[in-house]
Amino acid sequence: MTTPLFDALVSRARALSPLTLAIVDAGEQTVLEGVALLLEEKIANPLLIGDPGRIRQIAGDVGLPADIPVIPAMDEASAAREGVRLVAEGRAQGLMKGHLHSDAFLHPVLEGLREKKRLSHVFLAELPSYGRLLAITDAAMNIAPDLMAKAEILQNAIDMAHDLGNPRPKVAVLSAVETVNPRIASTIDAACLSKMADRGQISGAVVDGPLAFDNAISREAARTKGLESPVSGEADILLLPDLVSGNILAKDLEYLAEATLAGLVLGARVPVILTSRSDPPRSRFLSACLATLLFHGKVLPRP
Ligand code: COD
């Protein structure tokens, strides 16, 4: 599958200095294949955390250099703590989840790398059937966000779009229908978020909702329903009602619609790459490219 939109981001990431990336619980084949891609393309200088014997053995199998730095940690929790410590001490500029459970990875991140913002996850998807990158949030971290949490999750995604060069992203706040129905709570949140954007409580984007998925993605579908929305057919960001619906949507696109996905946790002191254990090496590589762009976006002028 060709990914011209991601390729453009990769080219920009290649022009920046490599990120020193702590890889938590790195002793697994696809994790280290992703690391090999990162080294080859000079996107990151990895610090591998985990069981040294296991890491060195697989690292040899996937062709990583024999002198690649390995930091010993014998279980998931201590590997995650070690990664957070490396970032806190300024020895790593980003953190990547390897082969451990998401919650074991996220607890120390919340304890050690939280600043004032809510942390939230965003998937960025490139699809053969959609001419722009599609951000999907939050499909991996905030389980059942309330209205104010959704506003924070949305602002994180909008800020990311700005950092990646889209000055005014279009946001669809999704539900099952495009009208407010008090029996479907997410339609009320969506309408509130839309009004909050009108009033400047959420800034830097065109926000509309509630929208059903078809109206968000297809102008034709919206027209058929007699709906006029500045977002229809051109959504850059989809805000989902909760983690379950977001996660199903993202994986649905990946497995049934040939989406290529990258994923990051936003709002922490540094970019945090939260991959799924089944993610292919290229998704890990693309996520690290995104992390590089966002890390440097904090210190470089926006494109
Ligand atoms: N941003 C900022 N602070 C937060 C956040 C957040 N997103 N979540 C919790 N906090 C703070 C709370 O205010 C509190 O101070 C502290 O962290 C602990 O809060 P809890 O007890 O509500 O949160 P935890 O530690 O039980 O859970 C946080 C997780 C992120 C681990 C939890 O929400 C979770 O398991 N999310 C789903 C992860 C997952 O399994 N994803 C799978 C898909 S890949």
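The values are calculated or read from the model by the stated rules, or taken from the named source; none is laboratory data. These figures come from a predicted structure and were not determined experimentally. Because the Cβ atoms are built from the backbone with ideal geometry, glycine has one as well, and the counts that use them run over all protein chains shown. Remember, those area values only see protein heavy atoms, side chains included, never the ligands or the DNA or RNA. Shrake-Rupley method; radii C 1.70, N 1.55, O 1.52, S 1.80 Å.
In debye, nearest 20: dipole of the range 14-70 around its Cα centre with unit charges on the Cβ of K, R (+) and D, E (-)?
Value, rounded to 20: 160 debye.
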Q: Heavy atoms only, probe 1.4 angstrom, no DNA, RNA or ligands counted: give me 91, 183 ranked by accessible area, highest first.
A: 183, 91
(Q) With a 1.4 Å probe and all protein chains left in place, how much accessible area per residue does the range 49-128 have, in Å²? (A) 48
Q: Taking every Cα atom in the range 142-258, find the radius of gyration and the maximum pairwise distance Dmax, and write them in Å.
A: 13.4, 38
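Could you grab the relative contact order for the range 244-299? Cα pairs under 8 Å, six or more apart, rounded to a whole percent. Could you put the intermediate results ahead of the total?
Values: 39 pairs, mean separation 15.8, N = 56.
In percent, rounded to a whole number, it is 28.
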Q | Only Lys, Arg (+1) and Asp, Glu (-1) charged, at Cβ; the range 51-135 dipole about Cα centre in debye | A | 400
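Determine the shape class of the range 177-238: with a ≥ b ≥ c the square roots of the Cα gyration tensor eigenvalues, call it rounded for a/c under 1.5, and otherwise prolate if a/b is greater than b/c, oblate otherwise.
Values: a/c = 2.18, a/b = 1.20, b/c = 1.82.
Note, shape of the range 177-238 comes out oblate.
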(Q) Once R0 is set to 41 Å, what does the formula 1/(1 + (r/R0)^6) return for the Cβ-Cβ distance between residue 11 and residue 219, expressed as a FRET efficiency to the nearest 0.05? (A) 0.85
Q | Proportion of all alpha-carbon pairs of the chain beyond 28 Å (%) | A | 37
**Q.** Additional length obtainable on full extension of the chain from residue 251 to residue 269, 0.36 nm per residue less Cα span
**A.** 3.7 nm
Q. Heavy-atom accessible area of residue 67 with all protein chains present, probe 1.4 Å, nearest 10 Å²?
A. 130
Q. For 116, 170, 251, 42, what's the largest-to-smallest order of accessible area, 1.4 Å probe?
A. 116, 42, 251, 170
Q. What does the accessible area of residue 153 come to, in Å² to the nearest 10, when a probe of 1.4 Å is used?
A. 0
Q. Got a sec? Charge dipole of the range 55-172, +1 on Cβ for Lys and Arg, -1 for Asp and Glu; which of 95, 120, 71 is way out at the positive end?
A. 120
(Q) Students sometimes get this wrong: rank 81, 282, 54 by accessible area, probe 1.4 Å, all chains present, largest first. (A) 81, 54, 282
Q) What percent do you get for the relative contact order of the chain when only Cα pairs under 8 Å and 6+ apart count? A) 23
**Q.** For the range 23-99: rounded, prolate or oblate by the Cα gyration tensor [a/c cutoff 1.5]
**A.** oblate
Q) Over the heavy atoms of residue 229, what accessible area does a 1.4 Å probe trace out, to the nearest 10 Å²? A) 10
Q | Exposed GluC sites (Glu not before Pro) absent: longest stretch of the chain, with sites in DSSP loops and at most 15 other Cβ within 10 Å deemed exposed | A | 116-227
